[in-house]
Amino acid sequence: MRPMNNPRQITTLRAAAVITSTIIGVGILSFPRYMTEAGNSSAPLVALCGVLFSFISYWLLASLCQRFPQETLFVFSRRLIGRPLAAIFTVVIMLLFIVLTGLTVRQFGDVATTVLYKKTPIEATIFLMLLISLLSSRRNVVKFSYIHFFYLPLITGSILVTILLSLKNVDMLNLQPVLMPPSFQFWKGARDATYLFQSSFVIVLLIPFMEKPGHAVRAGAWAIFLSGAIYVLIVIASVGIFGAEETKLLIYPTLEMARSAAFGEGFLERLDAIFIIIWVISVYTTIYTTYYISAYLLHKLLRFRDQRMASTILLPVVFILAMLPSNVFESYRWALHLGNAGMMLMFGYPLLLWTVYLLRRHRKKVTS
């Protein structure tokens with residue numbers, strides 16, 4: 001996996017680009033609906049709380065990995081908690097990302113066949129996206145980061161332009177009251193928002209290749225707050241344009257928001273067409289990352305020479321998983337359940353490793 005000469009080729013900016021383009025993905029279309037169901041007109045505040053929770057979880061993981069800059073999480077965890085227990089957690093994480101890849105590509109297929117390719121079988125759309133991800137996953141980590149870095153300006157720039165053009169249609173009355181008493185539903189929505197940020201886990205693969213591993217937390221902070229700002233702005237624009245009650249009824253509020261955007265007098269009136277193209281690219285970068293993590297873990301567990309064989313083996317498995325949900329609502333329901341499990345794992349596992357690390361360091365200080 002690691003290049004022989006000068007392995008540390010990933011800059012802090014490029015690491016931030018990988019995390020950002022991974023976070024901005026398939027969920028961007030329906031995100032305002034979930035936030036509005038949780039907080040009504042205070043939906044932007046729900047999304048903001050989710051961003052803050054996500055950064056706390058990321059900090060736990062990245063700050064731990066910074067203590068072992070030469071190794072990935074799956075290597076140094078063996079020394080902290082033992083090889084058998086570390087192997088179990090690695091398998092669970094791998095299964096989580098395999099299922100996450102399947103559900104993400106299924107959600108992509110549902111939208112693509114509904115909005116773009118209405119006469120194309122969903123199986124063909126899903127298989128094509130997985131095939132592209134398979135071929136891309138045969139590259140090493142450094143080339144993997146270059147692909148994300150290349151697409152990031154196109155993704156973030158286009159989305160931000162669409163949001164800014166949509167903001168002129170916002171009715172501020174739809175965003176009032178901004179503050180509402182936080183309820184159980186409010187905090188549940190904030191928790192659900194963190195699901196979109198779980199793929200920031202990719203930092204564990206990047207740190208051994210970063211020029212400055214000590215900047216991993218900084219890279220994640222840039223990425224989470226940039227992507228988080230985009231998500232919060234999308235919620236503000238959607239709720240401000242349609243109102244809380246109508247946003248709850250829209251399957252893809254962000255797409256409807258893009259349709260309301262226009263530039264000039266008839267110069268650009270259908271920005272939703274451009275937006276959906278950018279959305280396809282953003283979904284690709286997300287699926288590429290989750291597929292890459294899955295292939296990397298499978299290659300390490302089965303001790304293949306490289307991850308090419310692992311990425312090939314994964315394709316039929318992920319395709320079958322993607323076809324299991326019977327409809328779009330079931331796939332989103334499964335994704336929420338998977339998000340619950342993923343949040344407990346992504347928060348609990350680093351916390352366990354941190355506890356063991358601190359106990360061992362304290363024991364060394366006492367004995368020395």
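The values are calculated or read from the model by the stated rules, or taken from the named source; none is laboratory data. Remember, predicted model here, so these are calculated numbers, not experimental data. Note that we place each Cβ from the backbone using ideal geometry, even for glycine, and neighbour counts take in every protein chain shown. Areas reflect the complete protein model, heavy atoms only, side chains present, ligands, DNA and RNA absent. Shrake-Rupley method; radii C 1.70, N 1.55, O 1.52, S 1.80 Å.
Can you find a residue in region 308-322 that is within 23 Å of ALA193 (Cβ to Cβ), open to solvent by less than 20 Å² (accessible area, probe 1.4 Å) and in contact with a Ser or Thr (Cβ under 6 Å, 6 or more places away or on another chain)?
The initial filter retains those residues of region 308-322 that are within 23 Å of ALA193 (Cβ to Cβ), namely none.
No.
Any residue at all in region 195-214 that is out of contact with any Lys or Arg (no Cβ under 7 Å at 6 or more places or on another chain), surrounded by fewer than 20 Cβ atoms within 10 Å (Cβ to Cβ) and assigned to a helix (DSSP H, G or I)? Scanning region 195-214, I find at least one residue that is out of contact with any Lys or Arg (no Cβ under 7 Å at 6 or more places or on another chain), surrounded by fewer than 20 Cβ atoms within 10 Å (Cβ to Cβ) and assigned to a helix (DSSP H, G or I), so the answer is yes. The numbered conditions (1) open to solvent by 60 Å² or more (accessible area, probe 1.4 Å); (2) within 22 Å of the chain's Cα centre (by Cα); (3) free of Cβ contacts under 8 Å to residues at least 12 places away in the same chain are all true for SER326 except (2).
For region 291-306, check the following and say yes or no: at least one residue is surrounded by fewer than 17 Cβ atoms within 10 Å (Cβ to Cβ) and in contact (Cβ under 8 Å) with a residue 24 or more places away in the chain.
Within region 291-306, the first condition is being surrounded by fewer than 17 Cβ atoms within 10 Å (Cβ to Cβ), and the residues that meet it are 301-306.
Next, from what is left, pick out any that are in contact (Cβ under 8 Å) with a residue 24 or more places away in the chain: 301, 306.
Yes, that holds for at least one residue.
When you check ALA86 against the structure, is it of a type in the set (Gly, Ala, Ser), open to solvent by less than 40 Å² (accessible area, probe 1.4 Å) and under 20 Å from the mean Cα position of the chain (by Cα), yes or no? Taking the combined requirement at face value, the residue does not satisfy it.
When only residues in region 329-350 that are of a type in the set (Phe, Trp, Tyr) and over 18 Å from the mean Cα position of the chain (by Cα) count, which is surrounded by the fewest Cβ atoms within 10 Å (Cβ to Cβ)? Step through it out loud before you land on a result.
Taking region 329-350 and keeping what is of a type in the set (Phe, Trp, Tyr), we get 329, 332, 334, 347, 349.
Of the ones still in play, those that are also over 18 Å from the mean Cα position of the chain (by Cα) are 329, 349.
Numbers: PHE329: 11, TYR349: 22.
The selected residue is PHE329.
Out of curiosity, is ILE274 over 30 Å from GLU37 (Cα atoms), in a helix (DSSP H, G or I) and among the β-branched types (Val, Ile, Thr)? It is false that ILE274 is over 30 Å from GLU37 (Cα atoms), in a helix (DSSP H, G or I) and among the β-branched types (Val, Ile, Thr). The sole residue among ILE28, ILE24, ILE10 that is β-branched (Val, Ile, Thr), open to solvent by less than 10 Å² (accessible area, probe 1.4 Å), on the phi < 0 side of the Ramachandran plot and in contact with a strand residue (DSSP E or B) (Cβ under 6 Å, 6 or more places away or on another chain) is ILE10.
Here VAL142 fits the description: among the aliphatic types (A, V, I, L, M), touching a strand residue (DSSP E or B) at 6+ places or on another chain (Cβ under 7 Å) and in a helix (DSSP H, G or I). Quick check, is PHE108 in contact (Cβ under 8 Å) with a residue 24 or more places away in the chain, within 29 Å of MET344 (Cβ to Cβ) and open to solvent by less than 70 Å² (accessible area, probe 1.4 Å)? So PHE108 fits the description; yes. When each of LYS143, LYS188, LYS168 is tested for being closer than 17 Å to ARG14 by Cα and open to solvent by 30 Å² or more (accessible area, probe 1.4 Å), the lone residue that passes is LYS143.
Among what's in region 68-83 and is under 27 Å from the mean Cα position of the chain (by Cα) and in a helix (DSSP H, G or I), pick the residue that is surrounded by the most Cβ atoms within 10 Å (Cβ to Cβ). Give the derivation first.
Narrowing region 68-83 to residues under 27 Å from the mean Cα position of the chain (by Cα): 68-78.
Filter again for in a helix (DSSP H, G or I), leaving 73-78.
Working: LEU73: 23, PHE74: 19, VAL75: 14, PHE76: 20, SER77: 26, ARG78: 15.
Result: SER77.
Restricting region 211-252 to residues that are touching a strand residue (DSSP E or B) at 6+ places or on another chain (Cβ under 9 Å) and at pLDDT 90 or above leaves a set whose member that is nearest to ILE23 (Cα to Cα) is ALA219.
A quick yes/no check of all residues on (1) modelled with pLDDT of 90 or more; (2) assigned to a loop (DSSP other than H, G, I, E, B); (3) of a type in the set (A, V, I, L, M):
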position: ILE98; (1), (2), (3): yes, no, yes
position: LYS118; (1), (2), (3): no, yes, no
position: ALA124; (1), (2), (3): yes, no, yes
position: LEU128; (1), (2), (3): yes, no, yes
position: SER133; (1), (2), (3): yes, no, no
position: PHE149; (1), (2), (3): yes, no, no
position: VAL161; (1), (2), (3): no, no, yes
position: ASN174; (1), (2), (3): no, no, no
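Tell me yes or no: at least one residue of region 231-242 is closer than 30 Å to MET94 by Cα, under 13 Å from the mean Cα position of the chain (by Cα) and not polar (S, T, N, Q). Yes, because at least one residue in region 231-242 is closer than 30 Å to MET94 by Cα, under 13 Å from the mean Cα position of the chain (by Cα) and not polar (S, T, N, Q).
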